[in-house]
Amino acid sequence: MNHQAPLILETFLEGLVKRSPGEPEFHQAVEEFAKCVIPYINEHPKYLVPRILERMTEPDRTFIFRVCWEDDEGNYRVNRGYRVQFNNAIGPYKGGLRFHHSVNLSILKFLGFEQTFKNSLTTLPMGSGKGGADFNPKGKSTKEIMRFCQAYMTELSKYIGENTDIPAGDIGVGAREISFMFGQYKRIKGEFTGTLTGKSIEFGGSLIRKEATGYGCAYFMEEMLKLKSDSIEGKTCLVSGSGNVAQFCAEKITQLGGKVVTMSDSSGFIHDPNGITAEKLEYIIDLKTVQRGRISEYAEKFHDCTYHEGEQPWNVPCDLAFPCATQNEIDGDSARALLANGCLAVSEGANMPVTLDAVDVFLNARIPYAPGKASNAGGVAVSGLEMTQNSIRLAWDREELEERLKGIMRKIHNQCVTHGREADGFVNYVKGSNIAGFVKVADAMLAYGVL
Ligand code: NDP
């Protein structure tokens with residue numbers, strides 16, 4: 001019999017940093033996960049001996065490549081492209097592409113790692129991956145975006161396919177970019193297959209996909225509040241970001257009777273104490289997806305609201321918070337400010353928007369706090385449904401898809417409760433989502449033997 005000493009968090013993390021130096025975001029994501037899962041693994045030696053955690057924290061493979069393209073002035077431009085294929089134990093690699101100047105291997109490994117457990121929680125057969133480039137789309141013309149997307153896909157197309165790896169969008173990659181990349185993939189391969197999700201409805205996209213992450217984040221909050229015989233109705237809500245996730249999270253909150261008073265971008269935030277109504281949100285969606293302007297323009301158009309340059313919304317009094325912009329946007333001080341100002345619950349739309357010390361602040365305050373791998377899984381879930389529709393060459397209607405999305409978010413919530421409920425009844429959603437996500441992937445890896 002092979003004996004293995006129990007895992008010790010500190011020793012495990014030291015080994016991780018040694019194996020993958022200089023990757024702070026990846027270390028952070030693994031630390032949050034390992035804190036929950038190591039005690040569970042030590043209680044279940046079937047995961048310990050085959051070194052499941054060590055295997056799960058090493059991506060299957062990583063592609064890094066040059067992307068050369070031409071700008072409108074005829075200059076040659078060079079960026080670095082990536083695809084991290086993290087884990088395909090329970091299905092083909094699946095996860096978004098991010099175009100942002102900050103993209104590096106650490107960020108993509110943290111996102112790919114999180115994706116593993118998020119995809120597992122959806123109950124759909126999807127493995128995990130993440131990719132993108134250090135390309136900054138801001139200020140680029142549509143033709144420049146098109147040339148970049150085509151150049152990026154020319155290389156990426158070698159590594160993806162409908163049964164191997166199916167990318168989608170993320171920061172800086174929306175319907176426009178997916179369309180350019182899908183067109184290029186189709187041209188290179190000479191085939192029409194659902195190898196990307198988030199496509200337009202006209203060529204294989206799914207209804208509800210663009211709304212799914214934001215809607216799912218609001219539904220998850222509603223589930224957490226339901227458990228406390230409460231609801232979003234009548235609550236004052238802070239939303240950060242004004243991109244895809246933030247827009248539709250704000251829309252669903254409003255439909256559920258909540259009042260959204262803030263939205264933001266990387267330059268600052270707007271505070272509209274009367275609430276960002278459906279009409280005002282329509283302006284923001286047009287501003288961000290068509291005009292590609294800044295959130296400050298909202299304060300020029302609508303009166304009785306203020307714009308706060310270079311600041312984040314977390315000092316505004318609220319009942320509920322929905323961080324939907326980017327990683328590490330809520331630190332310990334922001335978390336304490338939220339609690340001091342009356343925040344009752346947090347549902348993450350973004351990936352890892354809360355630092356490790358801020359997670360502890362929320363958990364110690366024993367408020368319902370949903371980590372992104374649970375609460376923002378609605379997007380990839382509907383991507384999974386887009387893959388199914390592409391395979392059977394049918395398109396489901398809006399009502400059916402929204403019901404399925406709601407059902408999936410409910411099931412994710414239930415899994416978190418099953419694995420995260422503590423003796424006093426408090427639900428630790430961090431623990432619940434990590435353990436529930438882990439078990440399915442780990443059992444599949446065990447079944448395959450030594451791989
Ligand atoms: P978008 O590109 O549509 O929007 C991103 C928003 O966040 C913009 O308002 C952007 O402002 C803001 N932002 C980006 N970087 C920063 C920063 N460093 N500081 C402050 N604000 C910033 O992206 P998405 O809405 O798709 O993604 C938002 C988050 O949700 C990400 O964490 C992503 O990983 C996560 N997510 C997305 C899913 C999806 O389906 N799209 C699925 C699951 C998670 P600006 O315009 O100034 O850059």
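Restricting attention to the range 1-30, which residues are part of a loop (DSSP other than H, G, I, E, B), free of Cβ contacts under 8 Å to residues at least 60 places away in the same chain and either of a type outside the set (A, V, I, L, M) or surrounded by fewer than 15 Cβ atoms within 10 Å (Cβ to Cβ) (or both)? Of everything in the range 1-30, those that are part of a loop (DSSP other than H, G, I, E, B), free of Cβ contacts under 8 Å to residues at least 60 places away in the same chain and either of a type outside the set (A, V, I, L, M) or surrounded by fewer than 15 Cβ atoms within 10 Å (Cβ to Cβ) (or both) turn out to be Met1, Asn2, His3, Gln4, Ala5, Pro6, Ile8, Pro21.
Let's see how each residue does on (1) closer than 20 Å to Gln415 by Cα; (2) within 12 Å of the ligand (Cβ to nearest atom):
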| residue | (1), (2) |
| --- | --- |
| Ala350 | no, yes |
| Val354 | no, yes |
| Asn364 | no, no |
| Ile367 | yes, no |
| Gly372 | yes, yes |
| Ala377 | yes, yes |
| Ala381 | yes, yes |
| Met387 | no, no |
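Taken over the range 153-172, the criterion of being away from the ligand (no atom under 16 Å from the Cβ) and touching a Gly at 6+ places or on another chain (Cβ under 8 Å) is satisfied by Glu155, Leu156, Glu162, Asp165.
Residues in the range 188-207 that are within 15 Å of Asp397 (Cα to Cα) and open to solvent by less than 20 Å² (accessible area, probe 1.4 Å): Gly205, Ser206. Within the range 224-251, the only residue that satisfies the criterion of being on the phi > 0 side of the Ramachandran plot and open to solvent by less than 30 Å² (accessible area, probe 1.4 Å) is Gly241. On the stretch given as the range 145-194, residues that are in contact with a Pro (Cβ under 8 Å, 6 or more places away or on another chain) and among the hydroxyl-bearing types (Ser, Thr, Tyr) total 1. List every residue pair whose Cβ atoms lie under 9 Å apart, where the two residues are 6 or more positions apart in sequence or sit on different chains, the first residue falls within the range 367-393 and is open to solvent by 10 Å² or more (accessible area, probe 1.4 Å) and aliphatic (A, V, I, L, M), and the second residue, located anywhere, is modelled with pLDDT under 95 and away from the ligand (no atom under 12 Å from the Cβ). Filtered contacts from the range 367-393: Met387/Gly194.
Against the conditions (1) in the same structural domain as Leu105 (by TED's automatic domain parsing); (2) in contact with a helix residue (DSSP H, G or I) (Cβ under 6 Å, 6 or more places away or on another chain), Lys158 satisfies every one except (2). Looking only at the range 313-333, which residues are open to solvent by 20 Å² or more (accessible area, probe 1.4 Å) and either hydrophobic (A, V, I, L, M, F, W, C) or more than 20 Å from the chain's Cα centre (by Cα) (or both)? Across the range 313-333, the qualifying residues are Asn315, Pro317, Asp319, Ala325, Asp333.
Out of curiosity, is Cys318 away from the ligand (no atom under 16 Å from the Cβ), touching a residue at least 12 places away in the same chain (Cβ under 8 Å) and not β-branched (Val, Ile, Thr)?
Criteria met by Cys318.
Within the range 329-339, the residues that satisfy the criterion of being within 11 Å of Ala365 (Cα to Cα) and out of contact with any strand residue (DSSP E or B) (no Cβ under 9 Å at 6 or more places or on another chain) are Arg336, Leu339. Taken together, the criteria place Lys226 among residues that are out of contact with any helix residue (DSSP H, G or I) (no Cβ under 6 Å at 6 or more places or on another chain) and more than 24 Å from Phe110 (Cα to Cα). Only residues that are under 19 Å from Phe248 (Cβ atoms) and open to solvent by 10 Å² or more (accessible area, probe 1.4 Å) were counted across the range 144-172, and they come to 4. Only residues that are open to solvent by 60 Å² or more (accessible area, probe 1.4 Å) and either small (Gly, Ala, Ser) or more than 11 Å from the ligand (Cβ to nearest atom) (or both) were counted across the range 299-312, and they come to 8. Residues in the range 252-261 include none that are free of Cβ contacts under 8 Å to residues at least 12 places away in the same chain, over 24 Å from the mean Cα position of the chain (by Cα), over 20 Å from Met352 (Cα atoms) and surrounded by fewer than 24 Cβ atoms within 10 Å (Cβ to Cβ). Counting just the residues of the range 208-222 that are of a type in the set (D, E, K, R) and either free of Cβ contacts under 8 Å to residues at least 12 places away in the same chain or farther than 20 Å from Leu344 by Cβ (or both), which one comes out surrounded by the most Cβ atoms within 10 Å (Cβ to Cβ)? Among residues in the range 208-222 that are of a type in the set (D, E, K, R) and either free of Cβ contacts under 8 Å to residues at least 12 places away in the same chain or farther than 20 Å from Leu344 by Cβ (or both), the one surrounded by the most Cβ atoms within 10 Å (Cβ to Cβ) is Arg209. Residue selection: Ala350 satisfies the criterion of being under 21 Å from Thr122 (Cβ atoms), crowded, with 17+ Cβ neighbours inside 10 Å and small (Gly, Ala, Ser). Counting only strands (runs of 3 or more DSSP E) that sit wholly inside the range 31-126, those with at least 2 residues that are away from the ligand (no atom under 16 Å from the Cβ) and open to solvent by 50 Å² or more (accessible area, probe 1.4 Å) are 61-70, 76-87.
The values are calculated or read from the model by the stated rules, or taken from the named source; none is laboratory data. Quick caveat, the model's predicted, so the values are computed rather than measured. We place every Cβ from the backbone using ideal geometry, glycine too, and count neighbours over all the protein chains shown. What goes into the accessible areas is simple: the full protein's heavy atoms, side chains included, and nothing from ligands, DNA or RNA. Shrake-Rupley method; radii C 1.70, N 1.55, O 1.52, S 1.80 Å.
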